[in-house]
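Below is one structure, written out as structure tokens, with a few remarks after it.
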Ligand code: TNX
């Protein structure tokens, strides 16, 4: 396995430029093992069929959905329980044990393409690799010329971390369902498997809660800069959850508390200690709002909100925020979490929160998401020592809302400027002292939207950095190499152009 990786990476370093368009050397994230079959290619034709294990029918349908528009071919999808000798097969048998629950084996031969995995999730990640082995024009929504040739190969691949996430803040600026779906599609191409939706903040509340209707109708009525805001109905939220599930992505809802709550407090006077509703806010200050920790109604509110949103969320996690609660005293913060965390449990969800919250609980299922800029944090280190798993989102590396450099038109810079190499060159398994790889559940790239207004803005900040974070989450550390990564990243350019992704053409990357 290692020898094959070395063979591929060695070839790359010898002639990085001339090999730039070689698909086996352009994959992001780079696979664990790639063996080329010299002289072998497989060409898709109008007669190519897709065969799927019955339990992976949806993955076959997804693949057909990618291939049909650009090729113009029919790609009929049918069930199989054997090993067809032609076409593209997606099988749940015969995968090597090493690929685990999310990996796959991809065998491209002259007569057939065979993907094997232990789960539909594994087949789905394999499909993303197959996509990247086809010409970039396969991503087109209109018929293209082809030929649709895939290089002969045997790939065995599986993730370093089981959690590879992306967060979108829909509170600072509201983003409609169509924008969210498009982002989910882009995440799937890079094997991201968790999508964290930041649904509430000082400037807006973005989901209907039937028992507290003014949260959405009033609390969702504006956004940063004073625009009209918006919110998801329950049906729309469920539509996002289902769309993500069809891409094997689990949605994690976040309701931020006890701070970042001005929109809720503006909607209901009883959530304030002084009984008075503050005005809605459209500026980007942080750290001034707090739920009223000593009122029982606060916990009725938390119970109702968590119950209603948990009921719409099939995934195991609920994110309770907990960040920057500067307007809540330490004692109140502890008291609040003592009552709020059991409510999340009561509704069957595992708690995730920004890392500050983990000082309040020794529950080993509670997961802190580290967002600091330091490489040591006593609270998170103690949590790791207790056996709590950590999600790594260091703001000076993984924050997609930071500017690339001082001339980036969008974004903030409080955690620094994050050029593509900065986003790539850190190791989630050693970044935080006292938090070894075994304590890291995975990585997540958050995109806060104080300055991010449109879908095109999202794309500009996410690409190419999201792909760097995705590779950190997936690929073995032994493959980590900026000079090789930047060439593979450059080869994604034509694909993004075909997909109309508004990416940042960093001068650090040799764009194809
Ligand atoms: C800090 S990081 C925040 C957010 C802001 C972000 C802007 C964190 C957990 N909280 O409220 O949107 O910085 O970069």
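Residue by residue through the range 74-104, note down the ones that are buried (at least 16 other Cβ atoms within 10 Å of the Cβ), touching a strand residue (DSSP E or B) at 6+ places or on another chain (Cβ under 8 Å), in a loop (DSSP other than H, G, I, E, B) and free of Cβ contacts under 8 Å to residues at least 60 places away in the same chain.
75, 80, 84, 92, 95, listed by residue number.
Restrict the check to the range 182-204 and report whether at least one residue is within 16 Å of the ligand (Cβ to nearest atom), more than 16 Å from the chain's Cα centre (by Cα), at pLDDT 95 or above and part of a loop (DSSP other than H, G, I, E, B).
Yes, because at least one residue in the range 182-204 is within 16 Å of the ligand (Cβ to nearest atom), more than 16 Å from the chain's Cα centre (by Cα), at pLDDT 95 or above and part of a loop (DSSP other than H, G, I, E, B).
In the range 164-178, is there at least one residue being more than 15 Å from the ligand (Cβ to nearest atom) and either crowded, with 23+ Cβ neighbours inside 10 Å or over 19 Å from the mean Cα position of the chain (by Cα) (or both)?
Within the range 164-178 (the criterion being more than 15 Å from the ligand (Cβ to nearest atom) and either crowded, with 23+ Cβ neighbours inside 10 Å or over 19 Å from the mean Cα position of the chain (by Cα) (or both)), the answer is yes, since at least one residue qualifies.
Does residue 203 meet the test of being touching a strand residue (DSSP E or B) at 6+ places or on another chain (Cβ under 7 Å) and buried (at least 24 other Cβ atoms within 10 Å of the Cβ)? Walk me through how you get there before you give the answer.
Details: touching a strand residue (DSSP E or B) at 6+ places or on another chain (Cβ under 7 Å): no; buried (at least 24 other Cβ atoms within 10 Å of the Cβ): yes.
No.
Do you know which of the residues in the range 384-405 that are assigned to a helix (DSSP H, G or I) and either at pLDDT below 95 or within 16 Å of the ligand (Cβ to nearest atom) (or both) is farthest from the chain's Cα centre (by Cα)?
396
Looking only at the range 132-163, count every residue that is surrounded by fewer than 19 Cβ atoms within 10 Å (Cβ to Cβ) and within 19 Å of the chain's Cα centre (by Cα) and tell me the total.
Matching residues across the range 132-163 total 1.
Tell me the helices (runs of 4 or more DSSP H) entirely within the range 408-500 that contain at least 1 residues that are touching a residue at least 24 places away in the same chain (Cβ under 8 Å), more than 16 Å from the ligand (Cβ to nearest atom) and closer than 28 Å to residue 387 by Cα.
Once the helices (runs of 4 or more DSSP H) in the range 408-500 are filtered for at least 1 residues that are touching a residue at least 24 places away in the same chain (Cβ under 8 Å), more than 16 Å from the ligand (Cβ to nearest atom) and closer than 28 Å to residue 387 by Cα, what remains is 420-424, 465-474.
Here are 60, 94, 100: which of them is over 22 Å from residue 29 (Cα atoms) and outside the structural domain of residue 248 (by TED's automatic domain parsing)? Working first, answer last.
Numbers: 60 fails: over 22 Å from residue 29 (Cα atoms); 100 fails: over 22 Å from residue 29 (Cα atoms).
Answer to the check: 94.
Considering only the range 461-511, state which residues are within 16 Å of the chain's Cα centre (by Cα) and closer than 16 Å to residue 404 by Cβ.
If the condition is that a residue be within 16 Å of the chain's Cα centre (by Cα) and closer than 16 Å to residue 404 by Cβ, then 461, 462, 463, 464, 465, 466, 467, 468, 469 are the ones that fit.
The values are calculated or read from the model by the stated rules, or taken from the named source; none is laboratory data. Since the structure is predicted, the reported quantities are computational estimates derived from the model, not experimental observations. Reconstructed Cβ throughout: ideal geometry from the backbone, glycine too, with neighbour counts over all protein chains shown.
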